[in-house]
Every structure is written in C-alpha cells, then in structure tokens.
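*Asks:* One structure, pasted below without further comment.
Just so it is clear, none of the values below were taken in a lab; they were calculated from the coordinates. None of the values given here were measured: they were computed from a predicted structure. A quick note on method: Cβ atoms are made from the backbone with ideal geometry, for glycine too, and the neighbour counts reach across all protein chains shown.
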Amino acid sequence: MTMEDNFEEIYERYRAQNRPSGYDAENDGREGIVAVRKNDDGDIIAVRTNQGRDLDYVTALAEAKAGHLAHVDVFHKYGRDILRSEPDGIVENNLDHLPEF
C-alpha cells in the first residue's frame with residue numbers, strides 16, 4: 001500500500017478526533033433546522049431542530065450567529081438580522097419550504 005492509498009484513511013482519523021457522541025456528519029456536528037412555525041402573514045416565528053428543540057426566531061438567530069445551527073446564514077436586510085438557509089440551489093431545503101410544526 002502506498003502513502004497515497006492512506007490519504008483518505010489518515011484524513012478520516014483526523015476528522016474523527018474529538019467528535020462528540022451523536023456527531024452528525026451531514027451537519028458537521030451542528031443541529032439542523034427541520035421544521036418551521038409561521039404566523040398568519042407567513043413569517044417564520046420559530047424553528048425546530050433535528051435534536052427536537054423548538055427555538056423562537058430571536059434564539060435561532062443567536063444560535064446561527066454563534067455557529068450552532070447548520071446550513072443557515074444570518075444576513076442584515078431591511079434594518080434587521082434575517083435567518084435564511086444557505087444558498088445551495090435546492091428549493092426543498094429552504095426554510096420557507098420546510099414542514100410546519
């Protein structure tokens with residue numbers, strides 16, 4: 001076996017170091033948003049994570065800013081911070097298209 005054959009194995013061992021139990025590789029160990037709650041105007045007012053936590057919008061913004069939520073960004077528009085899914089070209093995983101709870 002050559003050194004090149006070991007690159008993948010060496011890298012995977014490196015990534016596995018210090019991973020917490022229950023590590024979710026798809027979300028890089030962070031919680032993902034799986035559902036939303038909207039008000040009568042269709043605005044998202046809360047989110048549910050894949051860990052079963054329900055977060056009000058302000059808490060979700062804070063957690064996203066701190067890097068605790070996967071696949072979302074916080075940007076400033078209309079004079080306030082806005083939570084949005086990472087632009088990846090997949091409409092189905094946009095926050096507005098997630099199931100409601």
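*Asks:* Using amide H atoms built in the peptide plane, which far-off residues or other-chain residues are under 5 Å from V72 H to H?
*Replies:* Under 5 Å from the amide H of V72 lie the amide H atoms of E86, each far enough along the sequence or on another chain.
*Asks:* With all distinct Cα pairs included, what does the Kirkwood hydrodynamic radius of segment 26-97 come out to in Å, to one decimal, could you say? Please report the intermediate quantities before stating the final value.
*Replies:* Numbers: mean 1/r = 0.0807 Å⁻¹.
It works out to 12.4 Å.
*Asks:* Sticking with this structure for a sec: How do Y11, Y78 line up, fewest other C-beta atoms within 10 Å first? Can you show the working numbers first?
*Replies:* On the way: Y11 10, Y78 6.
Fewest to most other Cβ atoms nearby, the residues stand as Y78, Y11.
*Asks:* Amide H of I45: which non-local residues (sequence gap of 5 or more, or other chain) have their own amide H closer than 5 Å, using H built in the peptide plane?
*Replies:* So I45 has HN proximity to R37, K38, N39.
*Asks:* Treat each spin label as a single point 7 Å out from the Cα along the C-beta direction, and report the N94 to Y78 distance in nm.
*Replies:* If labels sit at N94 and Y78, their model points lie 1.5 nm apart.
*Asks:* Hey, what do the phi angles of segment 37-53 turn into as Karplus ³J(HN,Hα) couplings, whole Hz, using 6.51/-1.76/1.60 and θ = phi - 60°, x for Gly and Pro?
*Replies:* These are the phi-based 3J(HN,Hα) values: 10, 10, 8, 5, 8, x, 7, 6, 10, 7, 9, 10, 9, 5, 9, x, 8 Hz.
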